[in-house]
Amino acid sequence: MSTYSIIKKSELEGALRLDAEFYCVSNEIKGDFVLGKDAVEFVQYGTSKELNEEKKGFPVLRLNELDNFFITTPEKYCNQISREVFDDLKLKKGDVLICRTNGNPKFVGKSAVVLENTEIAFASYLFRVRPKKEIISSESLATFLNSKVGRTQIERFLMPSIQANFSPAQFRAIKIPLLPKRTQNEIDNLIKESYELKNKSAILYSQAENSLLEELGLQDFDEKAGLWSIVNLSEAKKAGRIDAEYFQPKYEAY
């Protein structure tokens with residue numbers, strides 16, 4: 001493998017980066033490719049309004065709710081956006097969500113595909129793109145971005161700082177391989193099958209949990225957690241523990 005590369009002066013004119021690492025030969029995509037700006041028809045930031053945990057307003061997805069290739073249920077809401085703004089930010093089937101900024105660079109560029117229309121908006125440290133179907137499918141784009149080769153493209157354009165950043169402008173500059181339609185169809189089918197199995201596993205897990213609680217007689221158990229408890233020194237010696245958490249009343253109730 002070559003340890004150096006030669007760049008023409010014309011390639012540097014208007015370039016976003018001048019550091020040598022950016023032009024490393026190992027970062028190059030082999031074969032035909034398109035730039036990110038030519039592969040998508042739509043790019044959008046999420047809301048930057050303050051979120052709450054009291055379920056006031058509209059549900060808003062964050063990075064925490066990206067689960068591998070898919071999205072999960074939001075834990076936070078926003079009551080500072082209008083219905084019109086929410087409707088504009090609702091995640092739709094075919095959207096690809098990308099993490100824009102995070103203190104951990106490994107999370108920046110992390111992607112997930114939306115496989116169903118939702119009633120969920122998304123936060124500003126994410127942005128979404130909608131790929132041109134004639135170039136690349138949503139499933140294939142998310143797969144590429146999460147792959148080893150995709151990571152090299154993301155990290156090539158990543159702007160390191162206290163909060164690493166991979167903006168829509170940087171996304172537009174990355175190289176995306178032109179995959180044969182047959183390959184894309186195979187990827188699409190595997191992602192959809194994975195999504196169906198993930199949903200099925202969640203149902204089976206819930207059924208298993210309910211069966212266990214029923215067997216233990218804890219289905220309707222109401223945890224009444226006291227704020228304090230009194231423990232004799234002899235009990236602490238017997239338990240071999242002196243930390244307060246160990247002696248919480250709820251554990252005795254269980």
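Throughout, read-outs are computed from the coordinates displayed, never taken from laboratory work. For clarity, every value in this text was computed on a predicted model and none was experimentally measured. So basically every Cβ, Gly included, is an ideal-geometry build from the backbone, and we count neighbours across all protein chains shown.
Tabulated results
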| read-out | value |
| --- | --- |
| Set of lysines with alpha-carbon distance to Lys200 below 19 Å, sequence-local pairs under 8 removed | Lys192 |
| GluC sites (Glu not before Pro), loop per DSSP, at most 16 other Cβ atoms within 10 Å - longest free stretch of the chain | 135-222 |
| Cα-centred dipole magnitude for the chain, charges only on beta-carbon of K, R (+1) and D, E (-1), debye, nearest 20 | 1040 |
| Spin-label proximity, Lys37 to segment 141-175 - amide N less than 13 Å from point 7 Å beyond Cα toward beta carbon | 168-175 |
| Residue-span extension gain [Ile230 to Asn117] - 0.36 nm each, minus C-alpha spacing | 35.4 nm |
| Charged-residue dipole, Cβ positions (Lys, Arg, Asp, Glu), segment 34-179 about Cα centre, Debye nearest 20 | 460 |
| Under the Karplus curve 6.51 cos²θ - 1.76 cosθ + 1.60, θ = phi - 60°, whole-Hz ³J(HN,Hα) for segment 94-102, x wherever Gly or Pro sits | x, 5, 10, 8, 10, 6, 8, 8, 6 |
| If the convex hull is drawn through the Cα atoms of segment 34-179, its volume per residue in Å³ | 99 |
| Violating pairs (Cα-Cα greater than 28 angstrom) within the set Lys55/Lys132; Lys8/Lys30; Lys8/Lys133; Lys90/Lys148; Lys55/Lys110 | Lys55/Lys132; Lys8/Lys133; Lys90/Lys148 |
| Set of aspartates and glutamates with alpha-carbon distance to Lys181 below 16 Å, sequence-local pairs under 8 removed | Asp32, Glu134, Glu139 |
| Extension gain from Leu178 to Glu50, taking 0.36 nm per residue of separation minus the Cα-Cα distance | 42.2 nm |
| Mean ellipticity per residue at 222 nm, deg cm²/dmol - from DSSP H runs of n ≥ 4 across the chain, formula -39500 (n - 2.57) | -10000 deg cm²/dmol |
| Furthest towards positive pole of dipole, Pro74, Ile120, Val108, structure part the chain, Cβ charges | Val108 |
| Dipole of segment 157-203 [Lys/Arg +1, Asp/Glu -1 at C-beta], most positive-end residue of Leu178, Asn165, Leu190 | Leu178 |
| Inter-label distance, nm, simple model (7 Å from Cα along the C-beta direction), Glu215/Ser124 | 5.0 |
| Mean separation of Cα contacts under 8 Å, 6 or more apart, over the residue count of segment 97-140: relative contact order % | 42 |
| Inter-probe distance in nm under a simple model that places probes 7 Å from Cα toward Cβ, at Lys8 and Lys198 | 4.3 |
| Computed over the chain, the ratio Rg/Rh where both radii use C-alpha atoms and Rh is Kirkwood | 1.11 |
| Efficiency of FRET from Cβ geometry, Asn64 and Asp188, R₀ 22 Å, rounded to 0.05 | 0.25 |
| Segment 236-251-segment 179-222 distance, computed between alpha-carbon centres (Å) | 36 |
